[in-house]
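Below: the structure, in structure tokens.
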Amino acid sequence: MPTAAVRSLDSINRVVQAFCSEGVPYKSVSEIAKICRGQVMSKDFLRDNAGEYPVYSSQTENDGMLGKITTYMFDGEYLTWTTDGANAGTVFYRKGKFSVTNVCGVIDVTDETISTKYLFYVLNREAPQYVNKGMGNPKLMSNVMAKIRIPLPPLAVQQEIVRILDSFTELTAELTAELTARRKQYEHYRDEILHAESTQIKTIADICGQITTGKLDANAMVENGQYPFFTCNADPYRIDTYAFDTEAILVSGNGSQIGHLNYYNGKFNAYQRTYVLSDFQNVDVQYFYLYLRQHRAEQRRAIWPKEW
């Protein structure tokens, strides 16, 4: 767990222990808030009434916003949650003027001793556990949300917990943005390097002196085996025998992860439909591996020996 997260949890534990040594009461969501749903809004309605106020729906992309219209249903501090679909149980904190569709629930805290933002953090953790995933369409209906029980420390403790978690959320957003920027920077320079005009173009057959496959059935794996056993899955299994002792690139030859690549240097074994590229000629193997990973989509169409 990241250091910042550990510090945040430690801070929350200290606050709870200091002010709630005898424990905290629990109440259901329906005891502290009003619950309602939105209304059906068609694409035509959104188009014909385009305006400045957001409409939230069952999606989670773009903060759950489906569009904007000229009117609003709510104005203030609320929580919304996705009631239907793959994202059922996702909870959002809302503040301001907005509307919601029929697949979006709204929670309006009516108890003055409860922080809406505190409830947001609690339900973010608890609500997904109450999603009904049966019949292929996950749901978290209003009657189920109403019964979720919430720990309720004093308001001052809730506010301190919110302060700590807000700080951690802000730090996480900053780190995510930095990571995204660094990834884009890496991809830019990687592409510049790998597509230099002076680069010679060769086929895989020119580079690999040996292209073969493993000999074993996928069920040959054993638990806690001594050597890696590469199959058509992304991660290798284990096995107690080896058929290869070399530096190699391994390519999944079938299955849902066809074209997946692994690099290994040492003793290993391989599935009969996993291709083993080895005995490399005049190429840095790590460079070759990175290049193939970059073009994985293309390599998925070119992994059979006849095409090499």
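The values are calculated or read from the model by the stated rules, or taken from the named source; none is laboratory data. Small disclaimer: the values here were computed from a predicted structure and weren't measured. Positions of Cβ are generated from backbone atoms using ideal geometry, with glycine treated the same way; all protein chains shown enter the neighbour counts. Areas reflect the complete protein model, heavy atoms only, side chains present, ligands, DNA and RNA absent. Shrake-Rupley method; radii C 1.70, N 1.55, O 1.52, S 1.80 Å.
Straight Cα distances below 28 angstrom link residue 43 to the lysines 68, 95, 97, 133, 139, with same-chain residues fewer than 8 positions distant left out. Gain on full extension, evaluated as 0.36 nm per residue between residue 176 and residue 40 minus their Cα-Cα distance, stands at 45.5 nm. Taking 20 Å as the straight-line reach from the Cα of residue 202, the lysines in range (excluding those fewer than 8 positions away in the same chain) are 306. As an exercise, use a Förster radius of 25 Å and the Cβ-Cβ distance of residue 284 and residue 240 to find the FRET efficiency, rounded to the nearest 0.05. Efficiency, rounded to the nearest 0.05: 0.20.
The calculated FRET efficiency for the pair residue 211 and residue 137, based on their C-beta separation and a Förster distance of 41 Å, comes to about 0.30.
In whole angstrom, how far apart do the alpha carbon centroids of segment 93-107 and segment 120-174 sit? Segment 93-107 and segment 120-174 have Cα centres spaced 16 Å from each other.
Between residue 254 and residue 185, the distance separating the two model label sites (each 7 Å from Cα on the Cα→Cβ line) works out to 4.5 nm. For segment 40-121, with all protein chains present and a 1.4 Å probe, just round the carbon and sulfur fraction of the accessible area to a whole percent. The nonpolar share, carbon plus sulfur, comes to 44 percent. Taking each residue as 0.36 nm, the span from residue 223 to residue 294 lengthens on full extension beyond its C-alpha to C-alpha distance by 22.3 nm. If you plug the beta carbon distance of residue 73 and residue 111 into 1/(1 + (r/R0)^6) with R0 = 22 Å, you get a FRET efficiency near 0.50.
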